[in-house]
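Following: one structure in structure tokens, then a few remarks.
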Amino acid sequence: MGINQLSTLEHILITTKVEKVMNWSRATSVWPVTFGLACCAIEMMAAGASRFDFDRFGSGIFRATPRQADLMIIAGTVTYKMAPVIKTLYDQMPEPKWVIAMGSCATAGGPFDSYHTIQGVDKIIPVDVFIPGCPPRPESLIYGFMKLQDKIMTSSLADRYKDIFEEVG
Amino acid sequence: MAEPDVPPTPDMPDEAPAGPYVYDYKAAPNRQIVMPKTVPLPSLRTYLAEQKAAAAADEAKWLKMQADFETAKAKAEAEGKDAPKPPVRPVPRKDDNDMKTPWPQEAKDADLLLLQERLGDKVEEIFEQAGELTCQVTKDSILEVLQLCRQDAALNYEMLADQTATHYPAATGFAFSVVYHLTSISRRKRLRLRILVPEGFLPESACAVYPGANWMEREIYDMLGIRFANHPDMTRILCPEDWEGYPLRKDYPTVGWGQRDISFREDRGGRLDLIALQKAGQLGINLKQPKAD
Ligand code: SF4
């Protein structure tokens, strides 16, 4: 049997890395937590509804509890009073978890350079994808989400837990 | 009515919080606060006084023009030249455009007149402006006036539609006006009551007459720092519990205070923990961790 010929085994098996399968399954079933803060949340809802249909990318199941969610879309203005709540929700989400900062408010405070607004949600939680716009259209959100999918596909378990591995030695 | 007593202020740490509350105006001078120099409180009395002052200024200007003319004429005569033209009194500019501001007018409405008749000295001023009725009363009598407005069969204002306040830093004698917007659903009328309060004065809470005033008074306290006497729960409603300052005061910088450099967890968590410990201490509970030794 030549080396280039497919064996019987190869007809019925796919060889891949565990990491790749896990990344693939994660990237195609990212469940966001149902959570909106201001006007951007309306666009997020539109993205989830049938016209734009976020579900096509495996991300339409908005979970009502952070315990079942992988993704937090910060859609709106992060006020100083809401910040501890966001932090708590983020802490309650199980690993692996991702965050999208949607709109200029969540990325940099937006028009509210004012006493009550946190100038970007990255001051309190780590953010994976920033989406500019006021508000970003659902297409932008979907594009940002696909960027996040790319990020998940190229991520590696070793990278994610590098710090911990290094610490443990 | 019970004596208005000062609600106990919670024990707060003395030192001012560092970091996020300080804004460097030298770095961005265009963000400096501009304090108002006038008191734009609508009132018939001030309007009439302003009109009188404007008329007096016009008159003075006219007299000065005449005097100037006389001296110029004498000078021209002495020099043997032609006499200068006599001055013409300037005609006041006609204010007949469509966008005219409605001026405060004499009160003619029966409700306002009834209020004045019933309350006498307690009414400081009544006027109408653009069809809206305003009654300014003395700051100590507001509860009595509200009771009258609600219970009197001829007035019958069942609803407190809004209660709010304004800061007048340039005013003398008072710092805030607290405004009550009453609505009578059965009579389809609206009435505005107003009191002027100085800094530190505790107006009587309207909750006893209109229970809906509860949250509105909390908002006034939160935003402007006016405490109300005999309010069931005089705490902040919009800002976080540990907020410093009152954001709707004119001297409060609203721009440039965005939370940029917060070390979120230490700053807030520590402070809230401190407050929780103090509150627990007041209740006789010791939440502090027992020391190892
Ligand atoms: S970015 Fe614009 S649309 Fe989005 S929450 Fe802020 S103000 Fe609203």
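Miscellaneous remarks
- Hits in segment A:108-134 - residues which are of a type outside the set (A, V, I, L, M, F, W, C), within 22 Å of A:Tyr90 (Cβ to Cβ) and more than 9 Å from chain B (Cβ to nearest Cβ): A:Gly110, A:Asp122, A:Pro126, A:Asp128, A:Pro132
- All of (1) in a loop (DSSP other than H, G, I, E, B); (2) within 14 Å of the ligand (Cβ to nearest atom) hold for A:Phe130 with one exception: (1).
- Per-region count, segment A:54-109, residues hydrophobic (A, V, I, L, M, F, W, C), in contact (Cβ under 8 Å) with a residue 40 or more places away in the chain and more than 16 Å from the ligand (Cβ to nearest atom): 6
- So A:Arg51, is it away from the ligand (no atom under 12 Å from the Cβ), away from every other protein chain (no Cβ under 14 Å), over 24 Å from B:Leu238 (Cβ atoms) and part of a loop (DSSP other than H, G, I, E, B): yes
- Looking only at segment B:72-89, residues that are surrounded by 10 or more Cβ atoms within 10 Å (Cβ to Cβ) and not aliphatic (A, V, I, L, M) come to 7 in all.
Read the figures in this text as sums done on the coordinates, not as results from a lab. Here the structure is a predicted model, which is why all the values come from computation and not from measurement. We place every Cβ from the backbone using ideal geometry, glycine too, and count neighbours over all the protein chains shown.
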